[in-house]
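Here is the structure we will look at, set down as structure tokens.
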Amino acid sequence: MNNRVFISSTCFDLIDLRAELKVFLENLGFSPIMSDTLDSEFQTFHDKNSIETCLLNLDSCGHVIIILSQRYGAKLGKAGFEDISATHLEYKRAKEKKIPILFFVRDRLMADYDAYRKSKEPKSISWVNSDKDLEIFKIIEDRKTANNEDDNWRWIFRDSLEIKQRLIQDLKPSIDNLRMDRLIEKGNIPFITIQKDQEFWLEGNTKIELRLRFTNHGNQSAINPKIYIFDS
């Protein structure tokens, strides 16, 4: 399975949260892909700029985590891309590539979004300095009105603990598969493989041979199998 998880958010304001999630995901067996971490499996391409490199790394992931707080980020229009922020672009790319998205909005941002929808007055929001800052609301709105009803879930979080709890639920099938893989790799789970040979002779001198070979794998032996053959 693809255990690469791309974490998309603004970096400077969420540096502690991103670091926590990196360790958390690694302990579960995932490979968090982060452009701001030296020991991440984030790949670099010498013939691509930083934005193209991020998008190519995102394309190779099995899941994308989007985290919105109270910062939209710089727009990329002058760099030759759509004039939106990197997080906004990465969200749209994940939708385009149909990569499963785990979407988190900080509770304070969601409260500001709800208040702005009612009043349309940005002056009451302390962190809004220009119309650019309000663009973050467009990401929330896009998620809310996603065409695919199975793809518009968004989770409100207060702190990193709530994100981790949600990820354990949403990533459970992948977590179970990764745990099984690790147990098998370490030889800590018993299982057997079976090889079978058959031989058939022509009528008149019919002979049927059935040979089964059982091989135990790992540090522990699987339960000894019993085979019953019935002649019907």
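The values are calculated or read from the model by the stated rules, or taken from the named source; none is laboratory data. The structure presented is a predicted model; accordingly, all values stated were derived computationally and were not measured. Don't worry about glycine lacking a Cβ; one is built from the backbone with ideal geometry, like all the others, and counts go over all protein chains shown. Keep in mind that these areas ignore ligands, DNA and RNA; they rest on the heavy atoms of the full protein, side chains included. Shrake-Rupley method; radii C 1.70, N 1.55, O 1.52, S 1.80 Å.
What to note about this one:
- Test for Ala94: is it closer than 22 Å to Phe157 by Cβ and crowded, with 21+ Cβ neighbours inside 10 Å: yes
- All positions within the range 38-47 that are surrounded by fewer than 16 Cβ atoms within 10 Å (Cβ to Cβ) and touching a helix residue (DSSP H, G or I) at 6+ places or on another chain (Cβ under 7 Å): Gln43, Thr44, Phe45
- Looking only at residues of the range 132-151 that are at pLDDT below 90 and either farther than 20 Å from Glu90 by Cβ or of a type in the set (Asp, Glu) (or both), we find that the one that is most open to solvent (accessible area, probe 1.4 Å) is Glu149.
- Enumeration of residues in the range 116-133 that are under 12 Å from Arg71 (Cβ atoms) and part of a helix (DSSP H, G or I): Lys132, Asp133
- Residues of the range 100-115 that turn out to be open to solvent by less than 50 Å² (accessible area, probe 1.4 Å) and either among the aromatic types (Phe, Trp, Tyr) or part of a loop (DSSP other than H, G, I, E, B) (or both), as a count: 3
- Assessment of the range 73-85 against the conditions (open to solvent by 30 Å² or more (accessible area, probe 1.4 Å) and closer than 21 Å to Asp151 by Cβ) yields at least one matching residue.
- The single condition from (1) open to solvent by 40 Å² or more (accessible area, probe 1.4 Å); (2) among the small types (Gly, Ala, Ser); (3) part of a helix (DSSP H, G or I) that Ser35 fails is (3).
- Any hit, the range 44-55, residues being at pLDDT 95 or above, part of a strand (DSSP E or B) and farther than 21 Å from Arg166 by Cα: no
- All of (1) touching a Gly at 6+ places or on another chain (Cβ under 6 Å); (2) open to solvent by 50 Å² or more (accessible area, probe 1.4 Å) hold for Leu56 with one exception: (1).
- The numbered conditions (1) open to solvent by less than 10 Å² (accessible area, probe 1.4 Å); (2) more than 13 Å from the chain's Cα centre (by Cα); (3) more than 18 Å from Asp13 (Cα to Cα) are all true for Leu68 except (3).
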